[in-house]
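*Asks:* I have a structure here, written as structure tokens, and I will follow up with some questions on it.
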Amino acid sequence: MKRVWKWIRIIASFYIVCGIALYFLQEKFLFHPKKLPPDYKFSFSVPFKEINLAINNERNLSIVQFTVPDSVRKGIVLYFHGNRKNIERYAPFATNFTRNNYEVWMMDYPGFGKTTGKRTEQVMYDDAEQLYKMARGRTGKDSIIIYGKSIGTGVASWLASKKDCKRLILETPYYSIEALAKHYAFMYPVNRMTKYHFPIYQYFEKTEVPVTIFHGTNDETIPFFQAEMLMKVWDEIPSLKRELVAIEKGKHNNLNDFPAFHQKLDSLLQ
């Protein structure tokens, strides 16, 4: 009996220690930023314009606008990237849009690239709203496409639920951070532990524009069933146009390698 209680104590201690680590290290699991010095010089193969927007005395918002000639510009894509490094990692995807004559505006989250300040979910939303306001100063709401990739799908979905746009496109989204955390840490009360929420399913209920979801069936980071769960949100709102584009054998970071991804994306941008 003593041996049994000994193992119970060991397992309980292990459970508690892991739970504490998950709580205090969740930022490390969710975000993998790479900072850049303020004087860092970007270099991209696509024409671009860099903007450093002073939000206040302590915060700078770094934005890169990948441009096309005004004479052929169809609109602006507000691109909210994933959780790794900074804009440089996602810049190669800009050509998916510029070749279709859409400008692409990317911003870095706090702690990523040249964007400074404390990162919170609300701050990420506020920065997205600033980016949208800038775009509205250049073009009409019907010429703005909101695009989110991975962690950025939460930011993009929030913005589309608040602001008018042409459509919302999500690449490898999740139902919510809690739902994703339950997949990996089902033994913990993650609803009480998560500091970030990004409840995309709730934002969908307030989104009135067409939505397209791209998701790989072999996604090893955000499982495909998360996208399927999102599609069910609309079951009671059949009038809204939504679609799930399943990329067979696609993983989390390689959808750009599939012709089916480009064919569908090009058709959305025509």
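*Asks:* Among all residue pairs at least 6 apart or on different chains, which show Cβ distances below 7 Å where the first residue, located in the stretch 136-148, is free of Cβ contacts under 8 Å to residues at least 24 places away in the same chain and crowded, with 24+ Cβ neighbours inside 10 Å and the second is among the hydroxyl-bearing types (S, T, Y) and in a strand (DSSP E or B)?
*Replies:* The qualifying pairs do not exist here.
*Asks:* Quickly run through the stretch 32-49 and pick out the residues that are in a loop (DSSP other than H, G, I, E, B), within 23 Å of the chain's Cα centre (by Cα) and under 18 Å from L61 (Cα atoms).
*Replies:* Across the stretch 32-49, the qualifying residues are K34, L36, F42.
*Asks:* Kindly indicate which of K85, K182, K195, K114 is surrounded by fewer than 24 Cβ atoms within 10 Å (Cβ to Cβ), of a type in the set (K, R), within 21 Å of H32 (Cβ to Cβ) and at pLDDT below 95.
*Replies:* After ruling out the rest, the residue left standing is K195.
*Asks:* For T212, are the conditions met, namely being among the β-branched types (V, I, T), more than 17 Å from L168 (Cα to Cα) and within 17 Å of the chain's Cα centre (by Cα)?
*Replies:* Answer is no for this residue.
*Asks:* Give me a count of the residues in the stretch 117-135 that are surrounded by fewer than 16 Cβ atoms within 10 Å (Cβ to Cβ) and of a type in the set (V, I, T).
*Replies:* Residues in the stretch 117-135 being surrounded by fewer than 16 Cβ atoms within 10 Å (Cβ to Cβ) and of a type in the set (V, I, T): 1 in total.
*Asks:* Any idea which residue in the stretch 198-237 is nearest to T120 (Cα to Cα), counting only those that are among the polar types (S, T, N, Q) and surrounded by fewer than 19 Cβ atoms within 10 Å (Cβ to Cβ)?
*Replies:* Q202
*Asks:* Hey, any hits in the stretch 95-106 for a residue that's farther than 30 Å from D257 by Cα, at pLDDT 95 or above and surrounded by fewer than 21 Cβ atoms within 10 Å (Cβ to Cβ)?
*Replies:* no
*Asks:* Turning to a different aspect of this structure: Pull out all pairs, ordered by first then second residue, where Cβ-Cβ is under 9 Å, the residues are six or more apart or on different chains, the first lies in the stretch 98-116 and is in the same structural domain as I87 (by TED's automatic domain parsing) and on the phi > 0 side of the Ramachandran plot, and the second is among the polar types (S, T, N, Q) and part of a loop (DSSP other than H, G, I, E, B).
*Replies:* Pairs found: G113/N86.
*Asks:* With the requirement that a residue be touching a strand residue (DSSP E or B) at 6+ places or on another chain (Cβ under 9 Å) and in a loop (DSSP other than H, G, I, E, B), what does the stretch 61-79 give you?
*Replies:* T67, V68, R73, K74 - these are the residues of the stretch 61-79 that are touching a strand residue (DSSP E or B) at 6+ places or on another chain (Cβ under 9 Å) and in a loop (DSSP other than H, G, I, E, B).
The values are calculated or read from the model by the stated rules, or taken from the named source; none is laboratory data. Quick caveat, the model's predicted, so the values are computed rather than measured. Note that we place each Cβ from the backbone using ideal geometry, even for glycine, and neighbour counts take in every protein chain shown.
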